[in-house]
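The values are calculated or read from the model by the stated rules, or taken from the named source; none is laboratory data. Fair warning: this is a prediction, and the values are worked out from it, not measured in the lab. Ideal geometry is used to build each Cβ from the backbone, glycine not excepted, and the neighbour counts take in all protein chains shown. Surface accessibility is based on the protein's heavy atoms, side chains included, excluding ligands, DNA and RNA. Shrake-Rupley method; radii C 1.70, N 1.55, O 1.52, S 1.80 Å.
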Amino acid sequence: MTAAPAVPRVDFALLAVAITSVSLSAPLIAATAAPALAIAFWRNAMAVGALTPLAAVKYRAQLRGLTRREVGLAVAAGALLALHFGLWLPSLRMTSVASSTALCTTTPIWTTIALRLRGHRPPAMVWAGTLVACAGVVMLTGVDMTTSPRALAGDALALGGGIAAAGYVLLGAEVRRTVDTVPYTYLCYGTAAAGLLAACLASGADLTSYSGATWAKLAALTVAAQLLGHSLLNRVVRGLGASVTSTAILLETPGAALIAALWLGQQPPALAWPALVVILAGLALVVRANRSA
């Protein structure tokens, strides 16, 4: 039996940068005075604007040479990314932040189930690591389920956001087998921006009446969470795989709590550090299982 090719160490370094960058998302969103759907739209639209010169000059030939299947996968991934934002961000105002976060971060569970349904047989250690990592998130956030119809609707939206994120990661892993990061993210973010723009127009969300400080925060969110965070996740998913990437995203929860403590002066939860250790332990199990598979 031939050994599987080793994953370059640079992928793990880039993954660490990506998780740190997406961890800035929640504190920045909390500090940005704009509707949730508008924030989601602008972070994708600004990312498309930033990528356009690179895509037009360096990757024009590759974009023109994409097959119908590759374009379809990238567009489908973008639609799921828009659905993820469109479901999760509104849920934060309908249910508790703790419940929304815990339910939305069930992504690796749905990723593993989807891989199983597609004929893959994830090792038992992948299941164990996924559940351990999710337990770390629940440890930190709790699950504040209530019987309020509005809160239950918010819980359902957050769960749907987690499922949509799993599809986004899985499709990204598939299309990245043959397509470079920039062409894929360009099509993906463009599709997400178009879908979120339609949602903003349908809901009447204000898209432009912002202060200069708000626009600056939107730009910072785009650079940190979108161009560095999501784009680097799209970069490493090819080598690390969907299971490792989706499990690593769980580190965003304690990461955001610790960044908020340093940047906004918010006291981190008492379980922030223990939860971080538990999530890292779960991620280590998933990484080890994928190396041994």
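Things worth noting here:
- Over the stretch 228-287, relative contact order from alpha-carbon pairs under 8 Å, at least 6 apart, %: 36
- The charge dipole of the chain, taken about its Cα centre with unit charges on the Cβ of Lys, Arg, Asp and Glu (plus for the first two, minus for the last two), comes to roughly 820 debye.
- Stokes-Einstein diffusion of the chain at 4 °C, 1.567 mPa s viscosity, Kirkwood radius from Cα pairs, rounded to a whole number: 67 µm²/s.
- Whole-number D in µm² s⁻¹ for the stretch 183-293, Kirkwood Cα-pair radius fed into Stokes-Einstein, 4 °C, 1.567 mPa s: 77
- In this structure, the amide hydrogen of residue 34, modeled 1.01 Å from its nitrogen in the peptide plane, lies closer than 5 angstrom to no residue at least 5 positions away or on a different chain.
- Sequentially through the stretch 239-246, phi angles give Karplus couplings (6.51, -1.76, 1.60; θ = phi - 60°) of x, 7, x, 5, 5, 5, 5, 5 Hz, Gly and Pro residues having no value and appearing as x.
- For the chain, the 222 nm mean residue ellipticity estimated from helices alone, with every DSSP H stretch of n ≥ 4 adding -39500 (n - 2.57) and the total spread over all residues, rounds to -25000 deg cm²/dmol.
- The stretch 134-293, relative contact order in percent, only Cα pairs under 8 angstrom and at least six apart counted: 39
- Put simply, when 229-238, 183-192, 20-29 are sorted by average Cβ atoms within 10 angstrom per residue, most first, you get 183-192, 229-238, 20-29.
- Between the residues 166, 138, 276, the greatest Cα displacement towards the positive end of the dipole of the chain, with unit charges on the Cβ of Lys, Arg, Asp and Glu, is found for 166.
- A 1.4 Å probe run over the chain, with the rest of the protein chains in place, finds 45 Å² accessible per residue.
- In the assembled protein chains, residue 217 presents an accessible area of approximately 70 Å² (probe radius 1.4 Å).
- Only Cα pairs under 8 Å and 6+ residues apart enter the sum, and on that basis the relative contact order of the chain stands at 39 percent.
- Probe 1.4 Å, all protein chains present, accessible-area order of 273, 263, largest first: 273, 263
- Going by accessible surface with a 1.4 Å probe and the largest first, 240, 80 read 80, 240.
- A simple charge model with +1 on the Cβ of Lys and Arg, -1 on the Cβ of Asp and Glu and nothing else charged puts the dipole of the stretch 64-145 at about 440 debye relative to its Cα centre.
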